[in-house]
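> First the structure, which I've put down as C-alpha cells, then a few questions once you've had a look.
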C-alpha cells in the first residue's frame, strides 16, 4: 500500500469495521480535567455526605479508600479522576441541549484488581448509549500536580440492537 | 422586595458560597451565563446541593441539565417549579 493510501485510511475516521457487515464503526472520544482541590473541599465541607451520595456509587467510594481511612487527599484524587470520567462520558454521549444529562451515578468507574479502571453505564446513561449505538466503552485515568484527567472512548455503530440483545440479531439503522 | 427578588438573592447567596466564581456574584445579571462567568461542572454540583439544602428540595433527574444552572433566572425558575410542586409559596 502506498504511503498516501495508508495516510488516507488512518484519517478517514473509520478504523474499525463491523464483523457482520463490514460497515465502519466510528470512534468517539471525550476528555475532561478536574482539579483535585475542589473535590477535597467538597469532602471536607458540610456537603460531604450529600456530595458523595449524589455523585459517586458505593463502589467508587470504596475504591477511593475513603471508608478505609485513606488520606482525604488520596481519596480526593481518586474521586476527582472519576468525576472527570463521568464528564468525559457525557461528552461522548453528546446529549441534546434540551436533554437532561444522565445522573452522575449512572456512570460508574470501578478499579479492577489489576488497578485498571473499568467503566460501566447504568440506567439513563446505558439507555442513551444504546440508542446512540455506542459500544466498546473504555477509559483511562490519571492525576498529578493537583489535577485529574480522564479520557473516554466508545465506538459508534450503525447497528441498533434488537430487544433480545442477541448480537446476531441486528438490523441496520439508517445512520 | 418581591418574592422573585428574594429568591434571586437567596440564589446569589448560594452561588457566592459554593459557585467559586472569580468575580463578584452581586455584579451578575439574572440572565448572565454563569458558565461563561466561571461556573464549572464540579462547582455546579456544589451549587445544586447548596440550593437543595437551602430550599429543602431535590432536583429530579429531569432537571439535571446545563440549562437549569446556567443563570440565576434559570435556577429561580427551576426552584419555583419545585417549590410550587411541594406546595410551598
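> Anyone know which of B:62, B:54, B:77 comes out most mobile in the 10 Å Cα GNM of chain B?
In this elastic network of chain B, the residue with the biggest mean-square fluctuation among B:62, B:54, B:77 is B:62.
> Compute the angle between helix B:3-18 and the longest alpha-carbon principal axis of chain B, please, reported from 0 to 90 degrees and rounded to the nearest 10.
Taking Cα atoms only, the helix is inclined about 50 degrees.
> Based on other C-beta atoms within 10 Å, arrange B:48, B:63, B:75 from fewest to most.
B:63, B:48, B:75
> On to the next question. Roughly what angle does helix B:41-55 make with the longest principal axis of chain B, taking Cα atoms, 0 to 90 degrees, to the nearest 10?
40
> Once you place label points 7 Å from the Cα toward the Cβ at residue A:142 and residue A:37, how far apart are they in nm?
2.2
> Now for a different question. Where does helix B:72-85 land angle-wise versus the long Cα axis of chain B, in degrees 0 to 90, nearest 10?
With rounding to tens, the tilt is 20 degrees.
> Here is a further query. What does the extension gain come out to for residue B:33 and residue B:73, with contour length at 0.36 nm per residue minus their alpha carbon separation?
Extra length available between residue B:33 and residue B:73 comes to 13.4 nm.
> Could you tell me how far the Cα centroid of the stretch A:112-159 sits from the Cα centroid of the stretch B:37-89, in Å?
Cα centroid to Cα centroid, the span is 27 Å.
> Evaluate the distance, in nm, between pseudo-label points positioned 7 Å from the Cα of residue A:74 and of residue B:9 along their respective Cα→Cβ axes.
4.8
> Between residue A:126 and residue A:98, what length in nm is gained on full extension when 0.36 nm per residue of separation is reduced by their alpha carbon distance?
So the extension gain works out to 8.2 nm.
> Quick one: order A:60, A:41, B:58 by neighbouring beta-carbon count within 10 Å, fewest to most.
Starting with the residue having the fewest Cβ neighbours, the order is B:58, A:41, A:60.
> Averaging sequence separations of C-alpha pairs under 8 Å and six or more residues apart, then dividing by the length of chain B, give the relative contact order as a whole percent.
33
> May I pose another question? Treat each spin label as a single point 7 Å out from the Cα along the C-beta direction, and report the residue A:62 to residue A:44 distance in nm.
2.9
> Taking neighbour Cβ counts within 10 Å as the exposure measure, how do B:68, B:40 sort from fewest upward?
Going from least to most buried by this count: B:40, B:68.
Throughout, read-outs are computed from the coordinates displayed, never taken from laboratory work. Fair warning: this is a prediction, and the values are worked out from it, not measured in the lab. We place every Cβ from the backbone using ideal geometry, glycine too, and count neighbours over all the protein chains shown.
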